[in-house]
1. Counting heavy atoms of the protein chains only and a 1.4 Å probe, report the per residue accessible area for the chain as a whole number of Å².
2. Select from 61, 72, 14 the residue farthest towards the positive end of the dipole of the chain; place +1 on Cβ of Lys and Arg, -1 on Cβ of Asp and Glu, and compute about the Cα centre.
3. Defining a contact as two alpha carbons under 8 Å apart and six or more residues distant in sequence, what relative contact order in percent does the chain show?
4. Per the 1.4 Å probe, what fraction of the accessible area of the chain, in percent, lies on carbon and sulfur atoms?
5. How much length would be gained if the chain were fully extended between residue 42 and residue 68, taking 0.36 nm per residue of separation minus their Cα-Cα distance, in nm to one decimal?
6. Answer with a single label: of (1) 41, 23, 21; (2) 39, 31, 20; (3) 33, 33, 21, which was calculated as Cα extents along the principal axes in Å from the structure in view?
7. Using a cut-off of 9 Å between beta-carbons, work out the net charge of the residues near residue 11 (Lys and Arg +1, Asp and Glu -1, residue 11 not included).
8. Using a 7 Å offset from the Cα along the Cα-to-Cβ direction at both residue 24 and residue 51, what is the distance between the two label points in nm, to one decimal?
Amino acid sequence: MAAVLDTIDATRCPLCGEQNRCAMEVARETDEPQAPCWCMAADFRNAPLAAVPPEMRGKACICARCAAGTPVES
């Protein structure tokens, strides 16, 4: 399991792989204060949170599109 955790990119959504734009992660990585993250005002009722792989739960934030439950266009 350690190898999986070593490969998690906390800046990417674990559902679609796009940038999650998490201000809290940016603040953690840069030690620079950030404006409140978009997720603080987001509505997660339609987010497919059960689809987040167990090994990524609590390790990487989902993106705004996935939080809204909007499917990725192929």
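The values are calculated or read from the model by the stated rules, or taken from the named source; none is laboratory data. Model, not experiment: these values are computed from the prediction. Cβ coordinates were reconstructed from backbone atoms using ideal geometry, including for glycine residues, and neighbour counts include every protein chain displayed. Remember, those area values only see protein heavy atoms, side chains included, never the ligands or the DNA or RNA. Shrake-Rupley method; radii C 1.70, N 1.55, O 1.52, S 1.80 Å.
1. Values: 5270 Å² over 74 residues.
Averaged over the residues of the chain, the accessible area is 71 Å².
2. 72
3. Rounded, it is 40 percent for the chain.
4. Values: 2860 of 5270 Å².
Within the chain, the accessible surface is 54 percent carbon and sulfur.
5. Values: separation 26, 0.36 × 26 = 9.36 nm, distance 0.80 nm.
Taking 0.36 nm per residue and subtracting the Cα distance, the gain is 8.6 nm.
6. (3)
7. Working: positive: 12, 21; negative: 9, 25, 29.
Summing Lys and Arg as +1 and Asp and Glu as -1 gives -1.
8. Roughly 2.2 nm, to one decimal.
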